[in-house]
Amino acid sequence: MVEQLKQRIRTIPGFPKPGVLFRDITPLLADPAALALAIELMSNRYRGKNVDVVVGAESRGFIFGTAIACAISAGFVPVRKPGKLPCTTIDCKYSLEYGQDSLQMHSDAIVKGQKVVLVDDLLATGGTLHACADMVNRLGGEIIGISVLIELTDLHGRDSLRPYPVHSVIQY
């Protein structure tokens, strides 16, 4: 099953800058069966775990996060780039594999004690998911897991996310 998904992911060398191998998921997203399989494989371990909310980072984390939230009967919390959320926010600056960035979440998005799953399409250095975890922790959420479609194992992003259990469907 995983091989079926890998066949729907393009590798684009030199994007967004020289030396980077970009894993393009748009062919997978365009294939209804592959998309459904990806969501199923990312969701399964959280069924019956009483997850309250799924947190997804802009932008591809929205695609998988909302679908996973629906699949496991949980709410969804968007994490966005600065200036995109209309109410009071908290923020976190972070490093990613080819630069620096900042993310924000509504300050009332997580209620203390809520069970949370973090979702993104890709785990590289772990910066984006680490920033999400930081904000969830500041609001009192309990992170029970992290689910990604793709993990770039050579970048060791999983190490920066300890002690949270990380589930990746595809590894490169």
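Structure values in brief
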{"read-out": "Percent accessible area from carbon and sulfur atoms, the chain, protein chains only, probe 1.4 Å", "value": "52 percent"}
{"read-out": "Of Lys17/Lys81; Lys17/Lys115; Lys84/Lys115; Lys6/Lys93, those spanning more than 28 Å from alpha-carbon to alpha-carbon", "value": "Lys17/Lys115; Lys6/Lys93"}
{"read-out": "The range 132-149 - phi-based ³J(HN,Hα) in whole Hz, Karplus 6.51/-1.76/1.60, Gly and Pro as x", "value": "4, 4, 4, 5, 4, 5, 4, 8, x, x, 10, 7, 9, x, 10, 10, 10, 6"}
{"read-out": "The range 29-83 shape via C-alpha gyration tensor axes, a/c threshold 1.5", "value": "oblate"}
{"read-out": "For the chain, built as a Gaussian network whose Cα springs stay under 10 Å, the top-fluctuating residue of Val53, Val117, Val20", "value": "Val20"}
{"read-out": "Computed accessible area, Arg45, all protein chains, 1.4 angstrom probe, square angstrom", "value": "120 Å²"}
{"read-out": "Taking the range 1-143 and dividing mean pair separation by its residue count, relative contact order in percent (alpha carbons under 8 Å, at least six apart)", "value": "19 percent"}
{"read-out": "Difference of contour (0.36 nm per residue) and Cα-Cα distance, Ser107 to Ile12", "value": "30.5 nm"}
{"read-out": "Check: the range 4-113 dipole with +1 on Lys, Arg Cβ and -1 on Asp, Glu Cβ, in debye", "value": "180 debye"}
{"read-out": "For His167, distant residues with modelled amide H under 5 Å away", "value": "Ile146, Ser147, Val148"}
{"read-out": "Magnitude of the charge dipole, the range 50-135, Cβ model with Lys/Arg +1 and Asp/Glu -1, debye to 20", "value": "140 debye"}
{"read-out": "Antiparallel content of DSSP bridges confined to the chain, in %, to 5", "value": "35 percent"}
{"read-out": "Accessible solvent surface per residue of the chain, calculated while the other protein chains remain in place, 1.4 angstrom probe, Å²", "value": "49 Å²"}
{"read-out": "For the chain: rounded, prolate or oblate by the Cα gyration tensor [a/c cutoff 1.5]", "value": "oblate"}
{"read-out": "Pairwise FRET efficiency - Asn137 versus Thr88, Cβ, R0 = 30 Å, nearest 0.05", "value": "0.95"}
{"read-out": "Cα gyration tensor shape of the range 100-166, rounded if a/c is under 1.5, else prolate or oblate by comparing a/b with b/c", "value": "prolate"}
{"read-out": "Amide N proximity, the range 6-27 versus Leu155 label position 7 Å along Cα-to-Cβ, cut-off under 16 Å", "value": "10-26"}
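The values are calculated or read from the model by the stated rules, or taken from the named source; none is laboratory data. Everything numeric in this text was worked out from a predicted model, so none of it was measured. Please note: Cβ atoms are built from the backbone with ideal geometry, for glycine as well, and neighbour counts cover all protein chains shown. Accessible surface is based on the protein model in full, side chains and every heavy atom, while ligands, DNA and RNA are left aside. Shrake-Rupley method; radii C 1.70, N 1.55, O 1.52, S 1.80 Å.
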